[in-house]
Amino acid sequence: MGVIWDKCGRLCGIRVYGLMYAASCFLTAHGSSFFSLILGRILGGTSTAILFSVFEAWLVSQSDKIGLSGETLGEIFTKQTIVNSLIAVSRRV
């Protein structure tokens with residue numbers, strides 16, 4: 001998926017993620033047919049794939065633009081991983 005967002009733009013990818021995830025949530029929660037449930041799950045899976053590729057790529061490209069050091073970027077990713085882990089453990093995922 002990264003190749004698509006390199007051509008389209010990472011900000012475009014982030015927006016597409018938001019719209020697809022919102023549609024996924026709506027269809028999964030309010031769908032009245034089996035087809036809408038399946039479509040909602042497909043959109044959810046696709047948007048998750050976007051989530052795990054576009055945001056990190058955007059962060060790296062922006063850090064290059066503003067001149068963050070590799071060490072600072074590493075600290076950001078370390079904190080992100082710790083916070084994500086703590087949230088997952090607290091939610092018993």
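The values are calculated or read from the model by the stated rules, or taken from the named source; none is laboratory data. Note that the coordinates shown come from a computational prediction; the quantities given were computed from them, not determined experimentally. So basically every Cβ, Gly included, is an ideal-geometry build from the backbone, and we count neighbours across all protein chains shown. In case anyone asks, the SASA skips ligands and DNA or RNA and just uses the protein heavy atoms, side chains included. Shrake-Rupley method; radii C 1.70, N 1.55, O 1.52, S 1.80 Å.
Here are the numbers:
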{"quantity": "Karplus 3J(HN,Hα) series, Hz, for the range 33-46 with 6.51 cos²θ - 1.76 cosθ + 1.60 (x for Gly, Pro)", "calculated": "9, 5, 4, 5, 5, 5, 4, x, 5, 5, 4, x, x, 5"}
{"quantity": "Rounded if a/c under 1.5, otherwise prolate or oblate - the range 1-50, Cα gyration tensor axes", "calculated": "prolate"}
{"quantity": "Nearest-10 value in Å² for the accessible area of Thr46, using the 1.4 Å probe", "calculated": "50 Å²"}
{"quantity": "Accessible area (Å², per residue) of the chain, counting only protein heavy atoms and a probe of 1.4 Å", "calculated": "72 Å²"}
{"quantity": "Rounded if a/c under 1.5, otherwise prolate or oblate - the range 52-93, Cα gyration tensor axes", "calculated": "oblate"}
{"quantity": "For the range 52-61, 3J(HN,Hα) per residue [Karplus equation, 6.51 cos²θ - 1.76 cosθ + 1.60, θ = phi - 60°, Hz, x = Gly/Pro]", "calculated": "7, 10, 6, 5, 5, 5, 5, 4, 5, 5"}
{"quantity": "Cα gyration tensor shape for the chain, rounded if a/c is under 1.5, else prolate or oblate", "calculated": "oblate"}
{"quantity": "Estimated dipole of the chain in Debye, rounded to 20 [Cβ of Lys and Arg +1, of Asp and Glu -1, Cα centre]", "calculated": "320 debye"}
{"quantity": "Note, ³J(HN,Hα) from phi for the range 3-14, Karplus 6.51, -1.76, 1.60, rounded to Hz, x at Gly and Pro", "calculated": "4, 4, 6, 5, 7, 7, x, 5, 5, 4, x, 5"}
{"quantity": "Protein accessible area in the chain, 1.4 Å probe - carbon and sulfur %", "calculated": "67 percent"}
{"quantity": "The chain: most fluctuating residue of Gly67, Gly18, Gly44 per GNM, C-alpha cutoff 10 Å", "calculated": "Gly67"}
